[in-house]
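I have placed the structure first, in the form of C-alpha cells, so that the comments after it can refer back to it.
The values are calculated or read from the model by the stated rules, or taken from the named source; none is laboratory data. Every value quoted in this text rests on a predicted model; they were computed, and no experiment measured them. Heads up, the Cβs are rebuilt from the backbone with ideal geometry, glycines too, and the neighbour counts pull from every protein chain shown.
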DNA sequence: ATCCGCGTCTAAACCGGTTTAGTCGTCTTC
DNA sequence: GAAGACGACTAAACCGGTTTAGACGCGGAT
C-alpha cells in the first residue's frame, strides 16, 4: 500500500505527459481515442483520484460551497429547517462533485471571520440564510468577492441573486381561516424580530387582522425555543382578555404552547385554537394534529444550490421565486368557545 | 480593490523573503523582533490571509474534518442528535482553525464514495457516527489512510480511537423505575437494529426485564420517525395483552406514541406510562412532560473533535469514556392502572 | 516544392504556500 | 588568530494539479 498515485504516475504508466492526462480528466477535446483509453486504463489500474487540494490551488476552484449558521446551540437543537434544507443542497451539489463547508458560529464577529475564512480558498460561494434586518453580509461578501445567493431578498439592491419563497401567504390563509371560524382575539407568538422572516410573519398576521377590520391582537416576541414558546403562551393566557386563538412563528413553540394550555385545563381546539409554522415532522402526529404552515425546506435547499451553481458557472441568474408556503389544515383549530 | 495579496506581496512590502514571512505566520523561532514586527505590519496593511488551498497543497493538511451522514432525509428531519453534536464539534475545531466538511448521502455506495473523496485532499480526518453492525467503515478508512475517530467502539479490534458514551445505563434505570412502579408488561419501540446504538438499547431493555424476573415484553422495530413511532404504538395498543408502559428508543417516537394513545382515550401516565430517549428540546415542555434518557450530544461532539485533533497531532489517543446517559424523571410515568 | 492548417501531444510556467539546504556575519572558545 | 557555533536570513525545490506556448508530423492547397 504505497502512497497515493499522482497525475505523474498516471502519465508515466500511460506513456504520455501530465498535460494529456489532465485533458482527459477534464473532458477536453484533442486527445486521440487511443491515448484516451490508455490513460483511462492507467487511472483505473492505479485507482487514481486527483487531489482536491492541488486542483483547488491551480484552478482557484475549491469545489466547495459554504454555509455559515450564526445561532445559539439552543436555537439550533430543534430547528426543523436546516436538516432538510442542507439535504436539499447536498442533493444538488453532490452530482456536481461539490461539497459543503459548514460553520456554526456563536456571534456576529465570529460570523464575519467565518465568511472571510471561507473566501480565502475554502469555498467558491456561499448560501446566506437567516437574513436579518440591515444585514451586513451582502456588503461583506461583495467586498470579499465571495459569490453568494441569499434566501429571500435582504434589500432591493442586494447584489446577490435571491431565491425567494413567500412564507407569509400561508400565514394570511391561516389568519383568514381563524377569522372565518369566528375568532376575533387572535394572538401571535413571534420569533426574534431581527430575523426578517420572523418579522414578515408578524406583519402578515397584523395586516390580515387589520384587513378584516379586527382590532390588533396581542403580540409576544419569543425566541423559537420550546421554553420561550411556553413562556409566551403563559403570558397570553394569564393576561387580561386572553386570546381564543394563537398563531405561532414555529411548530416547536406551538407545541410547547399547546402543552402549556393543557396544563391549565384549556382544551385544544375547543377552548383555544392553535396554529404553528414549519410543518415539522411531529406536527401531524400530535394530539390533536397541529394546523400549520408548510415551507418546503428541502426544495428551497435544492433551488438555492442550483442557483449558486449556475451563478458560479458564470451565468446570469435572475431571482428565483418558489411556490409559496401552504396552509395545512389539521385539527388544532375550531370555532371559539 | 485589487486581487488578494499573496505571501510574496507581504514579503516584498516588508523587504524580506517569503520564507521569513512563512516562519512568522507559523510562529517558528529564528526571526528577529525587528523583522517580525515589519512582517506583521505588512500583513496588517495588506489584510493578508494565507490561501487555504495553497497551504493544503504544500503541507498536505486541509485543516478540515469530515462528517458523513448516511440517512434518509426523513430520518434526519427531526433528529435531535446531530445539530448539538455538530455544534460541539465546531466549538472545539473553530479555535483550532479547522472547519467541517459535511456530506449527506443517501446510501452505502454514496457513503463509500464520500469517504474516498474526503481522503483525497478534502479532510484530514473524519468522525464516524451511527455505527452499524459489521460496519465496513473502519476497514475502508484504514485502507484510505484517513484518520478517524468513532462514536463508540464498532469492534474490539477497530484501529480508530473510540469516544464512548454508555447510552444504555439510562435505559436500565428507566426500566428499573417502571418495574419499581409496578409495571410488568413493558414494551419497547426500537430503532432500526442495524444501528448498534438502537440494538444496545433494545438489549438493555430486555436484559433489565430478565434480571427482574419478568417475562420478556413486546418489541416493535420502528425507524425513528414520528409516523413509525405512532404505527408501532398502535400495534402495541391494539394487540392482545397491551403493555402498561412503553419505552421508546427516541423522544420523537415517544411523543408520536403519546398522541396515538390520547387518540384512543388512553391517558398518560394514568393508563399508560411512557419513556423516551434523547431528552430533546420539546420533551420538558410536553403535557405531561416526558420522562426520558438524556445523552449529552454537545459534549460528545466536543470530545470526539478533541480526540480527533490530538490524534491528528500525532499523539497516541486512548479511548475516551464519557459519563453515561442519565435517566430524567418527569411526569409521563406512574403506577399501572 | 513550399506553405498552411490541423490534430495530437509535450515542456515548462504557474497557482501560493512550506520546507530544505545553505549563505553570511558575528560571537565564542582554545 | 583560526575554528566552530550560532542566529538571521534567503534561494530554490517542492506539493499536484491546470494552463500556456509551442513542437511535430501529416495531408491538402497553391
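Please verify whether residue A:131 is in contact (Cβ under 8 Å) with a residue 12 or more places away in the chain and closer than 18 Å to residue B:117 by Cα, treating the condition exactly as stated. The answer is no for residue A:131. Of all residues in the range B:20-43, those being within 14 Å of chain A (Cβ to nearest Cβ) and either away from DNA strand D (no atom under 13 Å from the Cβ) or part of a loop (DSSP other than H, G, I, E, B) (or both) number 1.
Considering the range B:279-337, the residues that are touching a helix residue (DSSP H, G or I) at 6+ places or on another chain (Cβ under 6 Å), in contact (Cβ under 8 Å) with a residue 60 or more places away in the chain and part of a loop (DSSP other than H, G, I, E, B) include one that is surrounded by the most Cβ atoms within 10 Å (Cβ to Cβ), namely B:280. Of the residues making up the range A:226-236, one or more are crowded, with 22+ Cβ neighbours inside 10 Å, in the same structural domain as residue A:188 (by TED's automatic domain parsing) and under 21 Å from the mean Cα position of the chain (by Cα).
Would you be able to say whether some residue in the range A:151-162 is surrounded by 18 or more Cβ atoms within 10 Å (Cβ to Cβ) and under 28 Å from residue B:255 (Cβ atoms)? Looking through the range A:151-162, none of the residues is surrounded by 18 or more Cβ atoms within 10 Å (Cβ to Cβ) and under 28 Å from residue B:255 (Cβ atoms). Quick one: in the range B:51-75, which of the residues that are facing chain A (nearest Cβ under 7 Å) and surrounded by fewer than 19 Cβ atoms within 10 Å (Cβ to Cβ) is nearest to DNA strand D (Cβ to nearest atom)? Here the residue is B:54.
The C-beta contact set for the range A:1-27 (first residue within 20 Å of residue B:118 (Cα to Cα), second residue within 11 Å of DNA strand C (Cβ to nearest atom) and in a helix (DSSP H, G or I), distance under 7 angstrom, 6+ apart or interchain) comprises A:7/A:18; A:7/A:21; A:7/A:22.
Going through (1) near DNA strand D (Cβ under 10 Å from one of its atoms); (2) assigned to a loop (DSSP other than H, G, I, E, B); (3) in contact with a helix residue (DSSP H, G or I) (Cβ under 6 Å, 6 or more places away or on another chain) one by one, residue B:5 falls short only on (1). Residues that are farther than 25 Å from residue B:295 by Cβ, more than 16 Å from DNA strand C (Cβ to nearest atom) and in a loop (DSSP other than H, G, I, E, B): does the range B:92-114 have at least one? Yes, some residue in the range B:92-114 is farther than 25 Å from residue B:295 by Cβ, more than 16 Å from DNA strand C (Cβ to nearest atom) and in a loop (DSSP other than H, G, I, E, B). When you scan the range B:40-54, how many residues do you find that are within 14 Å of DNA strand C (Cβ to nearest atom) and either within 13 Å of residue B:5 (Cβ to Cβ) or touching a strand residue (DSSP E or B) at 6+ places or on another chain (Cβ under 8 Å) (or both)? Summing the residues that are within 14 Å of DNA strand C (Cβ to nearest atom) and either within 13 Å of residue B:5 (Cβ to Cβ) or touching a strand residue (DSSP E or B) at 6+ places or on another chain (Cβ under 8 Å) (or both) in the range B:40-54 gives 9. Candidates in the range A:1-18 are the residues that are within 7 Å of DNA strand C (Cβ to nearest atom) and farther than 20 Å from residue A:52 by Cβ; of these, the one that is farthest from the other protein chains (Cβ to nearest Cβ) is A:15. Restricted to the range A:117-184, the set of strands (runs of 3 or more DSSP E) holding at least 2 residues that are within 14 Å of chain B (Cβ to nearest Cβ) and farther than 28 Å from residue B:121 by Cα is empty. Among residues of the range A:88-106 being at pLDDT 90 or above and under 23 Å from residue A:224 (Cα atoms), the one that is surrounded by the fewest Cβ atoms within 10 Å (Cβ to Cβ) is A:105.
Flag: residue B:112 matches the condition of being modelled with pLDDT of 95 or more, surrounded by fewer than 19 Cβ atoms within 10 Å (Cβ to Cβ) and within 14 Å of chain A (Cβ to nearest Cβ). Taking residue B:85 as meeting all but one of (1) touching a residue at least 40 places away in the same chain (Cβ under 8 Å); (2) part of a helix (DSSP H, G or I); (3) surrounded by fewer than 21 Cβ atoms within 10 Å (Cβ to Cβ), write down the number of the exception. All conditions are met except number (3). For the range A:237-264, the tally of residues that are in contact with a helix residue (DSSP H, G or I) (Cβ under 7 Å, 6 or more places away or on another chain) and outside any helix (DSSP H, G or I) stands at 8. Evaluation of residue A:198 against the conditions (1) farther than 19 Å from residue A:335 by Cβ; (2) surrounded by 17 or more Cβ atoms within 10 Å (Cβ to Cβ); (3) in the same structural domain as residue A:258 (by TED's automatic domain parsing); (4) in contact with a helix residue (DSSP H, G or I) (Cβ under 8 Å, 6 or more places away or on another chain) shows that the sole unmet condition is (4). Among all residues of the range A:62-69, there is at least one that is within 16 Å of DNA strand C (Cβ to nearest atom) and farther than 28 Å from residue A:256 by Cβ.
Does residue B:239 satisfy the criteria of being within 17 Å of residue B:193 (Cβ to Cβ), surrounded by fewer than 24 Cβ atoms within 10 Å (Cβ to Cβ) and away from chain A (no Cβ under 14 Å)? For residue B:239, the condition - within 17 Å of residue B:193 (Cβ to Cβ), surrounded by fewer than 24 Cβ atoms within 10 Å (Cβ to Cβ) and away from chain A (no Cβ under 14 Å) - is not met. Would you pick out the residues in the range B:214-236 that are touching a helix residue (DSSP H, G or I) at 6+ places or on another chain (Cβ under 8 Å) and within 14 Å of chain A (Cβ to nearest Cβ)? Once the filter is applied, which keeps residues that are touching a helix residue (DSSP H, G or I) at 6+ places or on another chain (Cβ under 8 Å) and within 14 Å of chain A (Cβ to nearest Cβ), the range B:214-236 yields B:222, B:223, B:224, B:225, B:226, B:227, B:228, B:229, B:230, B:232, B:233, B:234.
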